[in-house]
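Take a look at the structure below.
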Amino acid sequence: MLKEFEMSMMGKLQFFLGLQVHQTKEGTFITQIKYTKELLKRFGMEDCKQVGTPMCTSTKLDKDEGGNSVNEKCYRGMIGSLLYLTASRPDIMFAVCLCARFQSYPKQSHLMAVKRIFRYLKGTMNLVCCIQNPLHLI
């Protein structure tokens, strides 16, 4: 490729599209720790308590037509940010996609589920995605 295109080596890849990349002999490790910290700050959850799971097993989300409505724009912003985060955190994919179903008319119960995901992220910020075959979280 160097013969056809003018290229230069700028050093080891450290950041790519918001992903932090660490390359070692064992594999390539992708994290979004910086982005996660920014999200917690953006949504006012930097001092929240940590939880061990992104969603309670007893949580059953539905339309909750009788529940209190919440700010749709804020809720959608939270969901969009979390969906971007799933690039390096597949462990939150199910919980985020479940909450994403209720973007049209989010209620307080849906917002509480999203906030729990943020509380989970606070406690598991140092999990990294290791690119080997197959994909692993360590």
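We did not get these values from a lab; they are worked out from the coordinates using the rules stated. Just so it is clear, the model here is predicted, and its values are computed rather than measured. Every residue, glycine as well, gets a Cβ built from its backbone with ideal geometry; the counts of neighbours run over all protein chains shown.
Selection among GLN20, SER69, CYS97 by position relative to the dipole of the stretch 15-137 gives SER69 as farthest towards the positive end (Cβ unit charges, Cα centre). The label point for SER8 and the one for THR57, both projected 7 Å from the Cα toward the Cβ, are 5.7 nm apart. Around the Cα centre of the chain, unit charges on the Cβ atoms of Lys, Arg, Asp and Glu (plus for the first two, minus for the last two) sum to a dipole of about 300 debye.
For the chain, the longest principal axis of the alpha carbon atoms and the long axis of helix 108-123 meet at an angle near 40°.
Of the cross-linked pairs LYS41/LYS63; LYS34/LYS115; LYS60/LYS122; LYS37/LYS107, which ones have a Cα-Cα span greater than 27 Å in the structure shown?
Details: LYS41/LYS63 29 Å; LYS34/LYS115 19 Å; LYS60/LYS122 23 Å; LYS37/LYS107 25 Å.
Cα-Cα > 27 Å for LYS41/LYS63; rest within.
Taking label points 7 Å from Cα along the Cα-to-Cβ direction, ASP47 and ASP91 give a separation of 2.6 nm. Cα centroid separation, the stretch 80-114 to the stretch 11-49: 19 Å. Residue separation of GLU26 and ARG76 scaled by 0.36 nm, minus their Cα-Cα distance, works out to 14.3 nm of gained length.
Taking the three principal axes of the alpha carbon atoms in the chain, the coordinate ranges are 65, 29, 28 Å, sorted in descending order. Adding -39500 (n - 2.57) for every DSSP H run of four residues or longer, then dividing by how many residues the chain holds, sets the calculated 222 nm ellipticity at -11000 deg cm²/dmol.
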